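Before anything else, here's the structure in question.
The values are calculated or read from the model by the stated rules, or taken from the named source; none is laboratory data. All values reported here derive from a predicted model rather than from experimental measurement. Quick reminder, even Gly has a Cβ in these numbers, built from the backbone with ideal geometry, and neighbours come from all protein chains shown.
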Amino acid sequence: MDVRTGLFYLFSVVLLFAAFRVITARNPVYAALYLVLTFFRASGIWLLLRAEFPAITLVLVYVGAVMVLFLFVVMMLDIDVDALRAGFWKHFPIAASVGALIALEMAAVLMGGFRASEEPRALPGVAAAAQAGVQFSNTKELGKLLYSEYLYPLEIAAVLLLVAIIAAIALTLRHRKDSKQFDPAQAVRVRASDRLQVIKVAPTRPAAPPAAPDTPAAETK
């Protein structure tokens, strides 16, 4: 067993353990952290397969953006975990049956790629680079393909994302009567004298002496 095979088995074992803990952890924060570990292990397997672009995309998009946002939402919201797990055992047989069916379908699809009789087919660019002895980069070839044959779909997707960003900002900054808003321009131009106001207060006077309490002897007289 070489180093690459050993790393593959190590990453796979950690990935399966982390994926199992995602669905068995009682705390949603721990489940999200185990999911982050699962994404990192999957990214390592992608790197072993020499697929740098999916590996770095998995880390940047899912770990760096989606999971961080999910952790913030989970930690800020008061989630009643007991209420969510109230009907777990009630729906467990149906969930287990659906999970087993999905596992069988995935096994039927993926087992064809692990047959020893079939040789793996490489991409034309990969095969040509291997025959020529040139170091091949799938990220570079993917960039060439995106900005040559798929340039217009890429530009359309970029415009749609830009419109979505502008719409989200417009919906957030719209004026509502029930929300408190401020003008960012005024906040930038504010001065220290506008924030602090010195008020002259008259000097304090000594407190008046307390009145003498009435004695019981005086009352009897």
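Kindly provide the set of residues from the range 15-26 that are in contact with a helix residue (DSSP H, G or I) (Cβ under 7 Å, 6 or more places away or on another chain) and of a type outside the set (Gly, Ala, Ser), ordered by number. Walk me through how you get there before you give the answer.
Let us first name the residues in the range 15-26 that are in contact with a helix residue (DSSP H, G or I) (Cβ under 7 Å, 6 or more places away or on another chain), namely 15, 18-19, 21-22, 25-26.
Scanning the range 15-26 gives Leu15, Arg21, Val22, Arg26.
Now for a separate question. Within the range 29-42, is there a residue that is at pLDDT below 85, among the β-branched types (Val, Ile, Thr) and within 23 Å of Phe88 (Cβ to Cβ)?
Among the residues of the range 29-42, at least one is at pLDDT below 85, among the β-branched types (Val, Ile, Thr) and within 23 Å of Phe88 (Cβ to Cβ), which makes the answer yes.
Kindly evaluate Ala86 against the criterion of being part of a loop (DSSP other than H, G, I, E, B) and either surrounded by 13 or more Cβ atoms within 10 Å (Cβ to Cβ) or not assigned by TED's automatic domain parsing to the domain that holds Lys140 (or both).
Spelling it out, Ala86 is indeed part of a loop (DSSP other than H, G, I, E, B) and either surrounded by 13 or more Cβ atoms within 10 Å (Cβ to Cβ) or not assigned by TED's automatic domain parsing to the domain that holds Lys140 (or both).
Within the set of pairs 6 or more residues apart or between chains, which connect a residue that is without any contact (Cβ under 8 Å) to a residue 40 or more places away in the chain inside the range 27-50 to a residue that is among the β-branched types (Val, Ile, Thr) with Cβ atoms less than 6 Å apart?
Here the result reads Ala31/Val22; Tyr34/Val22; Leu35/Val22; Val36/Val63; Phe39/Val63; Arg41/Val14; Ser43/Val59, each pair linking the range 27-50 to a residue that is among the β-branched types (Val, Ile, Thr).
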